[in-house]
Amino acid sequence: MRLPHKGPLTDVEQVKQMVDLFMEAGFTYFDTAFVYAGSEAVIRKALVERYPRASYTLATKLNAFLMAPTEKAAKRQFDTSLERTGARRAWKSDRGRS
């Protein structure tokens with residue numbers, strides 16, 4: 001899905017409304033990607049910081065062909081995605097870890 005914008009920036013408040021409607025309708029799968037400009041940070045604000053981790057599935061994709069030609073580069077890209085989405089923190093907090 002293309003995220004709505006206000007000028008050059010993603011409209012986070014509208015994305016929050018979209019996430020709420022999606023969740024209320026019973027849908028729980030969200031997809032983003034390392035190369036979707038700003039989408040991982042927006043999904044963090046609209047979903048990860050607002051809903052319990054067990055209530056949704058979040059997928060992201062690596063750009064392995066162009067940006068992660070080695071295992072080390074792929075792991076670095078994956079770690080960056082975990083930080084951008086806040087998924088690492090959400091996963092740990094649901095399990096009582098810090």
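Miscellaneous remarks
- Total formal charge among the other residues, if their Cβ is under 12 angstrom from that of V19, Lys/Arg +1 and Asp/Glu -1: 0
- Charge dipole of the chain about the Cα centre (unit charges at C-beta), most positive-ward option of L21, M67, S55: M67
- All lysines inside 20 Å of K6 as judged from Cα atoms, apart from same-chain residues fewer than 8 positions distant: K16, K45
- Estimated [θ] at 222 nm from DSSP helical runs (n ≥ 4, -39500 (n - 2.57)) normalised by residues in the chain, nearest 500: -13000 deg cm²/dmol
- Apportionment of accessible area to carbon and sulfur, the chain, percent (1.4 Å): 57
- Potential lengthening between D79 and H5 on full extension [0.36 nm per residue; Cα-Cα distance subtracted]: 24.0 nm
- Relative contact order of region 28-79, taken over Cα pairs closer than 8 Å and 6 or more residues apart, is 42 percent.
- For region 1-86: accessible area per residue (Å², 1.4 Å): 66
- Here the chain is treated with +1 on each Lys and Arg Cβ and -1 on each Asp and Glu Cβ, and its dipole about the Cα centre works out to around 400 debye.
- Evaluating kT/(6 pi eta Rh) at 10 °C and 1.306 mPa s, with the Kirkwood radius of region 1-79 over Cα pairs in the Stokes-Einstein relation, gives 116 µm² s⁻¹.
The values are calculated or read from the model by the stated rules, or taken from the named source; none is laboratory data. Since the model is a prediction, treat every value here as computed from it, not as a measurement. Note: ideal-geometry Cβ built from the backbone for every residue, glycine included; neighbour counts use all protein chains shown. Accessible surface is based on the protein model in full, side chains and every heavy atom, while ligands, DNA and RNA are left aside. Shrake-Rupley method; radii C 1.70, N 1.55, O 1.52, S 1.80 Å.
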